[in-house]
Amino acid sequence: VQLQASGGGLVQAGGSLRLSCAASGRTFSSYTMGWFRQAPGKERKFVAAISESGSLTLFADSVEGRFTISRDNAMNTMFLQMNGLKPEDTAVYYCAAGDLWRYSRFRDKYRYWGQGTLVTVSS
(Lines give C-alpha, C1' and ligand atoms only; values in the text may rest on other atoms or scores of the structure.)
Protein backbone atom coordinates (compact mmCIF):
# COMPACT_ATOMS: atom_id res chain seq x y z
CA VAL A 1 0.00 0.00 0.00
CA GLN A 2 1.19 3.54 -0.72
CA LEU A 3 0.45 6.34 1.73
CA GLN A 4 0.27 10.09 1.15
CA ALA A 5 0.06 12.43 4.13
CA SER A 6 -1.20 15.99 3.76
CA GLY A 7 -2.71 18.88 5.70
CA GLY A 8 0.29 20.21 7.56
CA GLY A 9 1.04 23.89 7.87
CA LEU A 10 1.77 26.81 10.16
CA VAL A 11 -0.68 27.51 12.97
CA GLN A 12 -0.66 29.57 16.14
CA ALA A 13 -0.69 27.94 19.54
CA GLY A 14 -4.22 26.96 20.49
CA GLY A 15 -5.21 26.47 16.88
CA SER A 16 -6.29 23.39 14.97
CA LEU A 17 -5.21 21.38 11.95
CA ARG A 18 -6.58 18.28 10.28
CA LEU A 19 -4.13 15.87 8.71
CA SER A 20 -5.15 13.34 6.09
CA CYS A 21 -3.52 10.14 4.95
CA ALA A 22 -4.68 8.80 1.61
CA ALA A 23 -3.92 5.18 0.80
CA SER A 24 -3.75 3.39 -2.51
CA GLY A 25 -4.85 -0.19 -3.00
CA ARG A 26 -7.89 -2.19 -1.98
CA THR A 27 -6.58 -3.55 1.32
CA PHE A 28 -6.64 -0.33 3.37
CA SER A 29 -9.35 -1.69 5.68
CA SER A 30 -7.16 -4.64 6.67
CA TYR A 31 -4.46 -2.46 8.25
CA THR A 32 -4.01 -0.91 11.62
CA MET A 33 -3.15 2.72 10.88
CA GLY A 34 -1.02 5.04 12.90
CA TRP A 35 0.41 8.54 13.12
CA PHE A 36 3.94 9.24 14.28
CA ARG A 37 5.86 12.48 14.50
CA GLN A 38 9.46 13.51 14.42
CA ALA A 39 10.72 16.80 15.78
CA PRO A 40 14.06 18.21 14.60
CA GLY A 41 16.90 16.25 16.13
CA LYS A 42 14.55 13.81 17.85
CA GLU A 43 13.48 10.27 17.18
CA ARG A 44 10.19 9.44 15.54
CA LYS A 45 7.49 8.90 18.17
CA PHE A 46 4.04 7.40 18.35
CA VAL A 47 1.10 9.82 18.29
CA ALA A 48 -2.08 7.82 17.66
CA ALA A 49 -3.41 4.62 16.13
CA ILE A 50 -6.72 3.26 14.93
CA SER A 51 -7.76 -0.33 14.40
CA GLU A 52 -8.82 -1.82 11.09
CA SER A 53 -12.52 -1.16 11.61
CA GLY A 54 -12.01 2.10 13.46
CA SER A 55 -13.59 0.78 16.64
CA LEU A 56 -10.38 1.07 18.69
CA THR A 57 -8.13 4.08 19.09
CA LEU A 58 -4.99 4.75 21.06
CA PHE A 59 -3.16 7.98 21.85
CA ALA A 60 0.14 9.08 23.27
CA ASP A 61 -0.24 10.73 26.66
CA SER A 62 1.03 14.01 25.23
CA VAL A 63 -1.91 14.34 22.81
CA GLU A 64 -4.70 12.54 24.68
CA GLY A 65 -7.79 14.74 24.83
CA ARG A 66 -6.52 17.14 22.15
CA PHE A 67 -6.15 14.89 19.09
CA THR A 68 -8.72 12.63 17.47
CA ILE A 69 -7.99 9.87 14.98
CA SER A 70 -10.52 8.51 12.51
CA ARG A 71 -10.68 6.63 9.22
CA ASP A 72 -13.00 6.23 6.26
CA ASN A 73 -12.41 2.80 4.80
CA ALA A 74 -14.68 3.50 1.83
CA MET A 75 -12.44 6.43 0.91
CA ASN A 76 -9.14 4.73 1.89
CA THR A 77 -8.33 7.69 4.10
CA MET A 78 -7.28 8.27 7.69
CA PHE A 79 -7.48 11.57 9.56
CA LEU A 80 -5.84 13.21 12.54
CA GLN A 81 -7.78 16.13 13.99
CA MET A 82 -5.43 18.21 16.12
CA ASN A 83 -6.92 20.78 18.48
CA GLY A 84 -5.33 22.91 21.14
CA LEU A 85 -2.00 22.78 19.36
CA LYS A 86 1.13 23.62 21.31
CA PRO A 87 4.62 24.64 20.12
CA GLU A 88 5.88 21.24 21.28
CA ASP A 89 3.59 19.61 18.70
CA THR A 90 5.85 21.02 15.97
CA ALA A 91 7.17 18.09 13.94
CA VAL A 92 6.94 16.21 10.70
CA TYR A 93 3.92 13.92 10.96
CA TYR A 94 3.99 10.52 9.28
CA CYS A 95 1.18 8.09 8.66
CA ALA A 96 1.85 4.37 8.63
CA ALA A 97 0.12 1.06 8.04
CA GLY A 98 0.70 -2.04 10.12
CA ASP A 99 -0.63 -5.57 10.53
CA LEU A 100 -1.38 -6.03 14.22
CA TRP A 101 -3.38 -3.76 16.52
CA ARG A 102 -1.66 -5.00 19.66
CA TYR A 103 1.64 -3.60 18.40
CA SER A 104 0.21 -0.28 17.27
CA ARG A 105 2.45 1.82 19.55
CA PHE A 106 5.63 0.38 18.12
CA ARG A 107 7.25 2.12 15.16
CA ASP A 108 9.08 -0.96 13.91
CA LYS A 109 5.81 -2.94 13.60
CA TYR A 110 4.54 -0.72 10.77
CA ARG A 111 5.25 -1.92 7.26
CA TYR A 112 4.33 1.06 5.13
CA TRP A 113 5.04 4.76 5.62
CA GLY A 114 3.93 7.99 4.02
CA GLN A 115 6.34 10.80 3.19
CA GLY A 116 5.41 13.10 6.09
CA THR A 117 3.77 16.49 6.40
CA LEU A 118 5.23 19.36 8.42
CA VAL A 119 3.26 20.91 11.26
CA THR A 120 4.63 24.11 12.77
CA VAL A 121 3.00 25.65 15.83
CA SER A 122 4.08 29.17 16.71
CA SER A 123 3.89 30.56 20.23
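The set of residues in the stretch 87-97 that are open to solvent by 20 Å² or more (accessible area, probe 1.4 Å) and not in a loop (DSSP other than H, G, I, E, B) comprises PRO87, GLU88, VAL92, TYR94.
Residues that are surrounded by 15 or more Cβ atoms within 10 Å (Cβ to Cβ) and without any contact (Cβ under 8 Å) to a residue 12 or more places away in the chain within the stretch 104-115 comprise just one, LYS109. Condition first: under 15 Å from PHE106 (Cβ atoms), part of a loop (DSSP other than H, G, I, E, B), open to solvent by 50 Å² or more (accessible area, probe 1.4 Å) and basic (Lys, Arg). Can you find one or more residues in the stretch 30-49 that meet it? The answer is yes; a qualifying residue exists.
Let's see how each residue does on (1) closer than 19 Å to LEU100 by Cα; (2) of a type outside the set (A, V, I, L, M); (3) open to solvent by 40 Å² or more (accessible area, probe 1.4 Å):
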{"residue": "SER6", "(1), (2), (3)": "no, yes, yes"}
{"residue": "SER24", "(1), (2), (3)": "no, yes, yes"}
{"residue": "MET75", "(1), (2), (3)": "no, no, yes"}
{"residue": "LEU85", "(1), (2), (3)": "no, no, no"}
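The values are calculated or read from the model by the stated rules, or taken from the named source; none is laboratory data. All figures in this text were calculated on a predicted structure; none of them were measured in a lab. FYI the Cβ positions are ideal-geometry reconstructions off the backbone, even for glycines, and counts take in every protein chain you see. Side chains included, ligands, DNA and RNA excluded: accessible areas come from the protein's heavy atoms. Shrake-Rupley method; radii C 1.70, N 1.55, O 1.52, S 1.80 Å.
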